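The values are calculated or read from the model by the stated rules, or taken from the named source; none is laboratory data. Keep in mind that this is a model prediction, so the values were computed, not measured. Using ideal geometry, Cβ is built from the backbone for each residue, glycine included, and neighbour counts are taken over all protein chains shown.
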Amino acid sequence: MNLAPYAVRAAETRGRRFAEAEADDRTPYQRDRDRVVHATAFRKLQYKTQVFVTREGDFYRTRLTHSLEVAQIARSIARRLLLDEDLTEALALAHDLGHPPFGHAGESGLNEALARFGGFDHNAQSFRVVTLLEHKYAAFDGLNLTWECLEGLAKHNGPLVGAVGYIAAFDREFALDLGRQPSAEAQVAALSDDIAYNAHDLDDGLRAGLFAMDDILPLPVVGEALTAARALTAEPKRIRNEMSRRIIHELIADLVRTSERRLRELAPRNADAVRMAGAPVIGFSERVAAANRDCKTFLFKNMYRHWRVNRMSHKAQLVTKNLASLLLERPDLLPDEWRGLAGAGGTAQAAEVVRDYVAGMTDRYAMEEYARLTDPAVAS
């Protein structure tokens, strides 16, 4: 496949932190993608919540299904923009590896419990997973991903000016140009996350009965897709699926059109010219960006803050907060392989170990571990 001048090129990779001989039959970014898929943290995403806890129903999305959907969208966009599809896919698959159990509720609980030690951020934790916490190889910790993949993960939300904590320390050893824009491939992966969120959370919310189809008719783009779907069928399931398909199609088409225009105006001669640009080159038109904001506002009010979701989130937040708080003060309660790393309770060292231990749990394991530590009727 021919790549655009502004695409990242595998032959020009800045390499890996730990030098390795590259494969003859796969590019460095194909190896990155494969390493992510085979990671323990990736498998755990199957049992980590998107919005609903796993016991609410088997048909709701998890972090794994979300990551796969993001990867499909990202690869489709990368192909149309003549970007490196494998790097884009690797970034999309890896972007949620650091999510704790129970989604954003779990993240809030961990953030509260560890507030005096820097709190918790799932993007930083994803970076920590791929550079330290995976233990797949004899020669190094982490997955030893390429510079370009690590750069994209570190800058998932854009340039990191004044980075602190683990990413800042890593950057001092293996500089990632944190103050610059990420590559076009990384920008595509990040916006594909938004596309998947909006379309699929609407679908899950409708299936759960948190709001009705008529409630979303006033939303721009969404209402248009729903009206078109209703003109084709009266069956609710088919309406939802047709609506989701049309939303995703419209968002992708708008992003491609807008990004192509920006790229023509900037005329970047190589990938570094994208990084040195004063603003992102990948994005939506003003109309669709506003529609996305309206959709997020609607979902926040009618789904993420629905009383049923609030109840689940409240319980999930309590579990993660109390579990992390307990282990922070009593690291002697940790399993053997973690206890020896934690040191004394209430310290920064203990907080780091507890952060990694709790963030790596699935929803089910977190509930079971909390019960083992707090319920005398449950065996330890």
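A few comments on the model shown:
- For the range 168-207, filtering for residues that are in contact with a helix residue (DSSP H, G or I) (Cβ under 8 Å, 6 or more places away or on another chain), farther than 24 Å from residue 283 by Cβ and assigned to a loop (DSSP other than H, G, I, E, B) leaves 1.
- The listed residues are 269, 246, 293, 257, and the only one of them that is under 30 Å from residue 115 (Cα atoms) and of a type in the set (Lys, Arg) turns out to be 293.
- Selected residue [at pLDDT 90 or above, hydrophobic (A, V, I, L, M, F, W, C) and over 13 Å from the mean Cα position of the chain (by Cα)] from 23, 39: 39
- Residues (loosely packed, with under 14 Cβ neighbours inside 10 Å and part of a loop (DSSP other than H, G, I, E, B)) located in the range 316-342: 335
- Beta carbons closer than 9 Å, at least 6 apart along the sequence or on distinct chains, never pair a first residue in the range 362-379 that is on the phi > 0 side of the Ramachandran plot and in the same structural domain as residue 321 (by TED's automatic domain parsing) with a second that is modelled with pLDDT of 95 or more and not acidic (Asp, Glu).
- Residues considered: 260, 250, 242. Of these, the only one that is of a type in the set (Asp, Glu), more than 17 Å from residue 209 (Cβ to Cβ) and either within 24 Å of the chain's Cα centre (by Cα) or in a loop (DSSP other than H, G, I, E, B) (or both) is 250.
- Filter result for residue 93 (in a helix (DSSP H, G or I), on the phi < 0 side of the Ramachandran plot and either surrounded by fewer than 23 Cβ atoms within 10 Å (Cβ to Cβ) or at pLDDT 95 or above (or both)): yes
- When residue 313 is tested against (1) at pLDDT 95 or above; (2) buried (at least 19 other Cβ atoms within 10 Å of the Cβ); (3) of a type in the set (Ser, Thr, Tyr), only condition (1) is not met.
Residue by residue, here is whether (1) outside the structural domain of residue 205 (by TED's automatic domain parsing); (2) aliphatic (A, V, I, L, M) holds:
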{"position": "292", "(1), (2)": "no, no"}
{"position": "296", "(1), (2)": "no, no"}
{"position": "314", "(1), (2)": "yes, no"}
{"position": "317", "(1), (2)": "yes, no"}
{"position": "324", "(1), (2)": "yes, yes"}
